[in-house]
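K.L.:
I have a structure I would like to understand better, so I am pasting it below and will then ask my questions one at a time.
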Amino acid sequence: MAILIVTHSQDNEAPRAVRRALESRGERVYRFDSDLFPTEIQLSLDEAGGGRLSGPDGALELSEVSAIWYRRNATGAGIPKDMDEQLRKPSVEESRRLLFGMMTALGVFQLDALDVIRRAEHKPLQLKLARALGMDVPRTLMTNDPEAVRAFAASCPGGVVTKMMASFAVYDERGREQVVFTTPLEASELEDLEGLDLCPMTFQERLAKAVELRVTVVGEQVMAAAIDSQALPKAREDWRREGAALVDAWKPYTLPEPVRVQSLQLMEALGLNYGAFDFIVTPEGRHVFLEVNPAGEFMWLMRNPGLPIDEALADVLSGRAVRRFGPKPLPVR
(Lines give C-alpha, C1' and ligand atoms only; values in the text may rest on other atoms or scores of the structure.)
Protein backbone atom coordinates (compact mmCIF):
# COMPACT_ATOMS: atom_id res chain seq x y z
CA MET A 1 0.00 0.00 0.00
CA ALA A 2 1.08 3.62 -0.53
CA ILE A 3 0.30 7.12 0.72
CA LEU A 4 -0.10 9.74 -2.02
CA ILE A 5 1.18 13.26 -1.37
CA VAL A 6 -0.29 15.84 -3.77
CA THR A 7 1.73 19.06 -3.88
CA HIS A 8 3.99 20.86 -6.37
CA SER A 9 7.70 20.83 -7.06
CA GLN A 10 8.32 24.31 -5.58
CA ASP A 11 6.78 23.45 -2.22
CA ASN A 12 8.86 23.90 0.91
CA GLU A 13 10.37 21.18 3.12
CA ALA A 14 7.01 20.08 4.57
CA PRO A 15 6.27 17.21 2.13
CA ARG A 16 9.80 15.86 2.55
CA ALA A 17 9.53 16.01 6.35
CA VAL A 18 6.22 14.16 6.36
CA ARG A 19 7.55 11.66 3.83
CA ARG A 20 10.50 10.87 6.09
CA ALA A 21 8.16 10.40 9.03
CA LEU A 22 5.92 8.07 7.01
CA GLU A 23 8.82 6.05 5.66
CA SER A 24 10.21 5.66 9.18
CA ARG A 25 6.90 3.94 9.94
CA GLY A 26 7.42 1.53 7.04
CA GLU A 27 4.97 3.28 4.70
CA ARG A 28 5.51 3.66 0.96
CA VAL A 29 5.06 7.27 -0.20
CA TYR A 30 4.37 8.54 -3.72
CA ARG A 31 4.80 12.26 -4.40
CA PHE A 32 2.55 13.75 -7.08
CA ASP A 33 3.91 17.19 -8.03
CA SER A 34 0.83 18.67 -9.64
CA ASP A 35 2.77 21.24 -11.67
CA LEU A 36 4.28 18.30 -13.60
CA PHE A 37 0.83 17.07 -14.64
CA PRO A 38 0.00 16.50 -17.47
CA THR A 39 3.37 17.30 -19.05
CA GLU A 40 5.65 14.98 -17.04
CA ILE A 41 3.28 12.75 -15.07
CA GLN A 42 0.92 10.26 -16.71
CA LEU A 43 -2.35 9.35 -15.01
CA SER A 44 -4.79 6.70 -16.25
CA LEU A 45 -8.16 6.21 -14.54
CA ASP A 46 -10.94 3.80 -15.52
CA GLU A 47 -14.67 3.76 -14.79
CA ALA A 48 -14.17 1.58 -11.72
CA GLY A 49 -11.70 4.01 -10.12
CA GLY A 50 -8.69 1.88 -11.02
CA GLY A 51 -5.64 3.02 -12.94
CA ARG A 52 -1.99 3.93 -12.81
CA LEU A 53 0.39 6.80 -12.12
CA SER A 54 3.79 7.18 -13.76
CA GLY A 55 6.26 10.02 -13.26
CA PRO A 56 9.48 11.13 -11.53
CA ASP A 57 8.55 9.12 -8.43
CA GLY A 58 8.17 5.92 -10.46
CA ALA A 59 5.03 3.94 -11.18
CA LEU A 60 2.08 3.35 -8.86
CA GLU A 61 -1.07 1.32 -9.30
CA LEU A 62 -3.96 3.35 -7.93
CA SER A 63 -5.31 0.26 -6.19
CA GLU A 64 -2.29 0.54 -3.85
CA VAL A 65 -3.22 4.02 -2.56
CA SER A 66 -4.42 3.82 1.04
CA ALA A 67 -4.51 7.55 1.93
CA ILE A 68 -3.99 10.96 0.33
CA TRP A 69 -2.44 14.12 1.74
CA TYR A 70 -3.71 16.99 -0.39
CA ARG A 71 -1.41 19.92 0.33
CA ARG A 72 -0.96 22.19 -2.70
CA ASN A 73 -2.17 22.41 -6.30
CA ALA A 74 -0.45 23.86 -9.38
CA THR A 75 -1.97 21.59 -12.01
CA GLY A 76 -1.06 22.50 -15.59
CA ALA A 77 1.77 24.87 -14.68
CA GLY A 78 3.99 23.10 -17.22
CA ILE A 79 1.61 23.60 -20.12
CA PRO A 80 3.29 26.18 -22.39
CA LYS A 81 2.29 29.73 -21.53
CA ASP A 82 2.36 30.75 -25.19
CA MET A 83 -0.29 28.17 -26.06
CA ASP A 84 -3.52 29.69 -27.41
CA GLU A 85 -5.47 30.69 -24.28
CA GLN A 86 -8.65 29.18 -25.77
CA LEU A 87 -6.81 25.84 -25.75
CA ARG A 88 -4.60 26.26 -22.69
CA LYS A 89 -7.44 27.08 -20.31
CA PRO A 90 -9.44 23.89 -21.05
CA SER A 91 -6.22 21.85 -20.95
CA VAL A 92 -5.54 23.06 -17.42
CA GLU A 93 -9.17 22.51 -16.42
CA GLU A 94 -9.34 18.97 -17.81
CA SER A 95 -6.08 18.13 -16.04
CA ARG A 96 -7.38 19.55 -12.77
CA ARG A 97 -10.65 17.64 -13.09
CA LEU A 98 -8.84 14.38 -13.75
CA LEU A 99 -6.55 14.83 -10.73
CA PHE A 100 -9.33 15.79 -8.32
CA GLY A 101 -11.68 13.25 -9.86
CA MET A 102 -9.09 10.54 -9.23
CA MET A 103 -8.67 11.64 -5.61
CA THR A 104 -12.42 11.45 -5.06
CA ALA A 105 -13.02 8.21 -7.00
CA LEU A 106 -10.37 6.29 -5.05
CA GLY A 107 -12.60 6.50 -1.98
CA VAL A 108 -9.67 6.43 0.45
CA PHE A 109 -8.96 8.64 3.45
CA GLN A 110 -7.92 12.19 2.50
CA LEU A 111 -6.26 14.79 4.69
CA ASP A 112 -8.30 16.66 3.74
CA ALA A 113 -10.84 16.17 0.94
CA LEU A 114 -11.07 19.15 -1.40
CA ASP A 115 -14.78 19.71 -0.82
CA VAL A 116 -14.22 19.68 2.95
CA ILE A 117 -11.36 22.19 2.61
CA ARG A 118 -13.40 24.48 0.38
CA ARG A 119 -16.30 24.50 2.87
CA ALA A 120 -14.01 25.02 5.85
CA GLU A 121 -12.24 27.97 4.19
CA HIS A 122 -15.35 30.17 4.47
CA LYS A 123 -14.56 32.69 7.20
CA PRO A 124 -18.23 33.55 7.91
CA LEU A 125 -18.91 29.87 8.56
CA GLN A 126 -15.87 29.57 10.83
CA LEU A 127 -16.90 32.56 12.94
CA LYS A 128 -20.52 31.40 13.21
CA LEU A 129 -19.53 27.88 14.27
CA ALA A 130 -16.87 29.15 16.69
CA ARG A 131 -19.39 31.50 18.32
CA ALA A 132 -21.96 28.70 18.58
CA LEU A 133 -19.36 26.56 20.35
CA GLY A 134 -18.77 29.29 22.94
CA MET A 135 -15.42 30.51 21.59
CA ASP A 136 -14.49 34.14 22.08
CA VAL A 137 -14.65 35.79 18.63
CA PRO A 138 -14.10 39.43 17.64
CA ARG A 139 -16.98 41.62 16.55
CA THR A 140 -16.85 41.38 12.78
CA LEU A 141 -18.47 42.96 9.72
CA MET A 142 -17.94 41.72 6.15
CA THR A 143 -19.41 44.17 3.68
CA ASN A 144 -19.21 46.39 0.60
CA ASP A 145 -21.44 49.07 2.22
CA PRO A 146 -19.49 52.19 3.35
CA GLU A 147 -22.28 53.38 5.63
CA ALA A 148 -22.39 50.01 7.40
CA VAL A 149 -18.62 50.28 7.98
CA ARG A 150 -18.93 53.76 9.47
CA ALA A 151 -21.70 52.62 11.80
CA PHE A 152 -19.67 49.56 12.82
CA ALA A 153 -16.54 51.66 13.49
CA ALA A 154 -18.56 54.06 15.63
CA SER A 155 -19.62 51.11 17.82
CA CYS A 156 -16.02 49.94 18.38
CA PRO A 157 -14.37 52.28 20.92
CA GLY A 158 -11.00 50.54 20.56
CA GLY A 159 -10.88 51.08 16.83
CA VAL A 160 -11.22 48.84 13.80
CA VAL A 161 -8.86 46.77 11.66
CA THR A 162 -9.49 45.70 8.10
CA LYS A 163 -8.43 42.50 6.38
CA MET A 164 -9.23 40.23 3.46
CA MET A 165 -10.99 36.87 3.64
CA ALA A 166 -8.50 35.36 1.18
CA SER A 167 -4.72 35.40 1.56
CA PHE A 168 -3.10 36.98 -1.46
CA ALA A 169 -0.36 39.36 -2.56
CA VAL A 170 -0.02 42.23 -4.99
CA TYR A 171 3.15 43.06 -6.92
CA ASP A 172 4.80 46.44 -7.32
CA GLU A 173 6.33 47.83 -10.52
CA ARG A 174 9.56 45.90 -9.82
CA GLY A 175 7.72 42.60 -9.43
CA ARG A 176 8.23 42.51 -5.66
CA GLU A 177 5.57 40.70 -3.65
CA GLN A 178 3.54 42.87 -1.29
CA VAL A 179 1.36 40.76 1.02
CA VAL A 180 -1.97 42.25 2.09
CA PHE A 181 -1.81 42.38 5.90
CA THR A 182 -4.29 43.21 8.66
CA THR A 183 -4.32 47.02 8.86
CA PRO A 184 -5.86 49.54 11.29
CA LEU A 185 -8.55 51.72 9.75
CA GLU A 186 -7.81 55.34 10.54
CA ALA A 187 -10.59 57.84 11.16
CA SER A 188 -9.70 59.79 8.01
CA GLU A 189 -10.04 56.62 5.92
CA LEU A 190 -13.65 56.20 7.01
CA GLU A 191 -14.49 59.15 4.77
CA ASP A 192 -13.08 57.42 1.68
CA LEU A 193 -14.53 53.94 1.42
CA GLU A 194 -15.95 54.12 -2.07
CA GLY A 195 -13.60 51.41 -3.31
CA LEU A 196 -15.78 48.93 -1.45
CA ASP A 197 -18.13 48.92 -4.43
CA LEU A 198 -15.40 47.03 -6.27
CA CYS A 199 -14.26 44.71 -3.48
CA PRO A 200 -15.92 43.82 -0.14
CA MET A 201 -13.64 43.72 2.89
CA THR A 202 -13.66 42.38 6.43
CA PHE A 203 -13.71 44.75 9.40
CA GLN A 204 -13.10 43.68 13.00
CA GLU A 205 -12.85 45.39 16.35
CA ARG A 206 -9.26 46.23 17.21
CA LEU A 207 -8.09 44.21 20.20
CA ALA A 208 -5.14 44.81 22.51
CA LYS A 209 -2.65 41.93 22.36
CA ALA A 210 -0.43 40.30 24.94
CA VAL A 211 0.71 37.57 22.53
CA GLU A 212 -0.57 35.87 19.38
CA LEU A 213 -0.95 32.13 18.98
CA ARG A 214 -0.61 29.64 16.17
CA VAL A 215 -2.42 26.47 17.20
CA THR A 216 -1.89 23.47 14.93
CA VAL A 217 -4.40 20.66 15.24
CA VAL A 218 -3.73 17.29 13.63
CA GLY A 219 -6.36 14.68 14.39
CA GLU A 220 -6.70 14.84 18.18
CA GLN A 221 -3.30 16.48 18.77
CA VAL A 222 -3.38 20.18 19.65
CA MET A 223 0.01 21.93 19.47
CA ALA A 224 0.24 25.62 20.39
CA ALA A 225 2.99 28.21 20.00
CA ALA A 226 3.06 31.89 21.02
CA ILE A 227 4.77 34.96 19.61
CA ASP A 228 5.21 38.35 21.25
CA SER A 229 4.04 40.34 18.25
CA GLN A 230 4.22 43.56 20.29
CA ALA A 231 8.01 43.33 20.48
CA LEU A 232 8.42 44.90 17.03
CA PRO A 233 6.42 47.95 15.94
CA LYS A 234 5.62 46.68 12.45
CA ALA A 235 4.34 43.36 13.84
CA ARG A 236 1.85 44.77 16.31
CA GLU A 237 -1.19 44.56 14.03
CA ASP A 238 -0.05 41.51 12.04
CA TRP A 239 2.98 39.45 13.11
CA ARG A 240 3.51 38.32 9.51
CA ARG A 241 4.93 41.75 8.66
CA GLU A 242 8.01 40.72 10.68
CA GLY A 243 7.68 36.98 10.16
CA ALA A 244 11.34 36.49 9.27
CA ALA A 245 12.59 38.58 12.18
CA LEU A 246 10.37 36.71 14.63
CA VAL A 247 10.89 33.20 13.27
CA ASP A 248 13.16 32.14 16.13
CA ALA A 249 11.08 33.83 18.84
CA TRP A 250 8.14 31.40 18.89
CA LYS A 251 7.68 29.60 22.20
CA PRO A 252 5.59 26.61 23.33
CA TYR A 253 2.23 27.58 24.79
CA THR A 254 -0.27 25.66 26.89
CA LEU A 255 -3.84 26.38 25.87
CA PRO A 256 -6.49 26.61 28.58
CA GLU A 257 -8.41 23.34 28.54
CA PRO A 258 -11.73 24.92 27.46
CA VAL A 259 -10.04 26.54 24.44
CA ARG A 260 -8.32 23.26 23.53
CA VAL A 261 -11.64 21.40 23.67
CA GLN A 262 -13.45 24.09 21.66
CA SER A 263 -10.74 23.96 19.00
CA LEU A 264 -11.25 20.22 18.62
CA GLN A 265 -15.01 20.74 18.48
CA LEU A 266 -14.60 23.28 15.69
CA MET A 267 -12.39 20.82 13.79
CA GLU A 268 -15.13 18.23 14.20
CA ALA A 269 -17.83 20.62 13.00
CA LEU A 270 -15.75 21.47 9.92
CA GLY A 271 -14.76 17.85 9.30
CA LEU A 272 -11.06 18.72 9.27
CA ASN A 273 -8.14 16.47 10.15
CA TYR A 274 -5.67 19.37 9.89
CA GLY A 275 -6.11 23.01 10.82
CA ALA A 276 -3.87 25.98 11.64
CA PHE A 277 -5.64 28.30 14.09
CA ASP A 278 -4.85 31.94 14.80
CA PHE A 279 -5.72 33.41 18.21
CA ILE A 280 -5.12 36.69 19.99
CA VAL A 281 -4.48 36.57 23.75
CA THR A 282 -5.46 39.91 25.25
CA PRO A 283 -3.75 41.47 28.30
CA GLU A 284 -6.79 40.33 30.31
CA GLY A 285 -6.24 36.73 29.22
CA ARG A 286 -9.05 36.40 26.68
CA HIS A 287 -8.27 33.84 23.97
CA VAL A 288 -9.93 35.31 20.88
CA PHE A 289 -10.36 33.07 17.85
CA LEU A 290 -9.56 34.73 14.51
CA GLU A 291 -9.59 31.93 11.93
CA VAL A 292 -8.51 28.41 11.05
CA ASN A 293 -6.60 27.68 7.84
CA PRO A 294 -7.31 24.16 6.51
CA ALA A 295 -3.97 24.16 4.67
CA GLY A 296 -1.83 26.51 6.74
CA GLU A 297 1.95 26.36 6.80
CA PHE A 298 3.79 24.81 9.73
CA MET A 299 7.47 24.26 8.91
CA TRP A 300 8.75 27.19 10.99
CA LEU A 301 6.99 25.76 14.05
CA MET A 302 8.80 22.45 13.61
CA ARG A 303 12.13 24.28 13.74
CA ASN A 304 11.23 26.54 16.62
CA PRO A 305 9.70 25.78 19.11
CA GLY A 306 10.04 22.23 17.77
CA LEU A 307 6.43 21.08 17.41
CA PRO A 308 6.27 17.49 16.02
CA ILE A 309 3.70 18.33 13.35
CA ASP A 310 5.26 16.04 10.75
CA GLU A 311 5.03 13.10 13.14
CA ALA A 312 1.39 13.88 13.92
CA LEU A 313 0.53 14.07 10.22
CA ALA A 314 2.30 10.77 9.58
CA ASP A 315 0.32 9.10 12.38
CA VAL A 316 -3.03 10.24 10.94
CA LEU A 317 -2.10 9.44 7.34
CA SER A 318 -0.89 5.97 8.26
CA GLY A 319 -3.98 5.23 10.35
CA ARG A 320 -2.13 5.21 13.66
CA ALA A 321 -4.18 8.13 15.02
CA VAL A 322 -7.76 9.37 14.92
CA ARG A 323 -9.16 10.32 11.51
CA ARG A 324 -12.18 12.42 10.55
CA PHE A 325 -14.05 11.80 7.31
CA GLY A 326 -16.30 14.84 6.94
CA PRO A 327 -18.12 17.69 8.69
CA LYS A 328 -20.35 16.77 11.60
CA PRO A 329 -23.48 18.68 12.68
CA LEU A 330 -23.22 20.74 15.84
CA PRO A 331 -25.09 19.32 18.86
CA VAL A 332 -28.41 20.96 19.59
CA ARG A 333 -28.16 23.02 22.76
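The values are calculated or read from the model by the stated rules, or taken from the named source; none is laboratory data. Remember, predicted model here, so these are calculated numbers, not experimental data. In this analysis, Cβ positions are derived from the backbone assuming ideal geometry, glycine residues included, and neighbour counts consider all displayed protein chains. The accessibility values were calculated without ligands, DNA or RNA, using every heavy atom of the protein model including side chains. Shrake-Rupley method; radii C 1.70, N 1.55, O 1.52, S 1.80 Å.
K.L.:
With the condition kept exactly as written, say whether any residue in segment 233-240 is touching a strand residue (DSSP E or B) at 6+ places or on another chain (Cβ under 9 Å), at pLDDT 95 or above and open to solvent by 90 Å² or more (accessible area, probe 1.4 Å).
P.N.:
no
K.L.:
Answer with yes or no whether ALA245 is within 23 Å of ASP11 (Cα to Cα), open to solvent by 10 Å² or more (accessible area, probe 1.4 Å) and of a type in the set (A, V, I, L, M, F, W, C).
P.N.:
yes
K.L.:
Please state which one of GLU47, GLU27 is over 23 Å from the mean Cα position of the chain (by Cα) and in contact (Cβ under 8 Å) with a residue 24 or more places away in the chain.
P.N.:
Selected residue: GLU27, the only one of GLU47, GLU27 that is over 23 Å from the mean Cα position of the chain (by Cα) and in contact (Cβ under 8 Å) with a residue 24 or more places away in the chain.
K.L.:
So which strands (runs of 3 or more DSSP E) stay within segment 129-193 end to end and still have 1 or more residues that are modelled with pLDDT under 85?
P.N.:
169-171, 177-179
K.L.:
Further question: From the list ALA312, ALA276, ALA295, which residue is open to solvent by 10 Å² or more (accessible area, probe 1.4 Å) and either under 26 Å from MET135 (Cα atoms) or of a type in the set (Ser, Thr, Tyr) (or both)?
P.N.:
ALA295
Rundown of residues vs (1) open to solvent by 40 Å² or more (accessible area, probe 1.4 Å); (2) at pLDDT below 95; (3) assigned to a helix (DSSP H, G or I), yes/no style:
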| residue | (1), (2), (3) |
| --- | --- |
| ARG16 | yes, no, yes |
| ALA21 | no, no, yes |
| GLY26 | yes, no, no |
| GLU47 | yes, yes, no |
| ARG52 | yes, no, no |
| PHE100 | no, no, yes |
| MET103 | no, no, yes |
| ILE117 | no, no, yes |
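K.L.:
Within segment 68-88, take every residue that is touching an Asp or Glu at 6+ places or on another chain (Cβ under 9 Å) and of a type in the set (A, V, I, L, M) and give me the one that is least open to solvent (accessible area, probe 1.4 Å).
P.N.:
That would be ALA74.
K.L.:
Take GLU27 and decide whether it is farther than 21 Å from ASN73 by Cα and of a type in the set (D, E, K, R).
P.N.:
yes
K.L.:
Still on this structure, please answer the following. Only one of (1) open to solvent by 30 Å² or more (accessible area, probe 1.4 Å); (2) in contact with a Leu (Cβ under 6 Å, 6 or more places away or on another chain) is not met by ALA224, so which one is it?
P.N.:
Tallying (1) open to solvent by 30 Å² or more (accessible area, probe 1.4 Å); (2) in contact with a Leu (Cβ under 6 Å, 6 or more places away or on another chain), ALA224 fails exactly one: (1).
K.L.:
Can we say GLU61 is more than 17 Å from ASP11 (Cβ to Cβ), more than 19 Å from the chain's Cα centre (by Cα) and at pLDDT 95 or above?
P.N.:
yes
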